[in-house]
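Participant: Before anything else, here's the structure in question.
Laboratory data are not the source of any read-out in this text; all were calculated from the coordinates shown. Bear in mind that the values here come from a model prediction, so they are computed numbers and not experimental data.
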Amino acid sequence: MTFARILLALSFISALVVSAGGPSNQAFARDRAKDESACGRDASRVCRKVINDGDMAILDCLKQNRAKLRPVCVKHLQDNGQL
């Protein structure tokens, strides 16, 4: 799986945490960048087998493998109500 595909999946996860009103495009881009920097490496390392299974599969994988995630990713997921 390519890194670009992982980033695309993480951008969807970021969209899940956006409120109904939604942030501006610039704020959304910031949130996406935070997702990528916080959990991108963990997703590609821990969840490689489910990358092609969709965004929710990646999020489920990250949740199931919490013990293997870097602290920055765990904190990011917690801060966004994903963990």
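Participant: Quick check: residue separation of ARG45 and GLN78 times 0.36 nm, minus the Cα distance between them. What number comes out in nm?
Facilitator: Value of the extension gain: 9.9 nm.
Participant: What length, rounded to one decimal in nm, is gained on full extension from ARG70 through to SER37, with 0.36 nm per residue of separation minus their alpha-carbon distance?
Facilitator: Here the segment from ARG70 to SER37 would lengthen by 10.8 nm.
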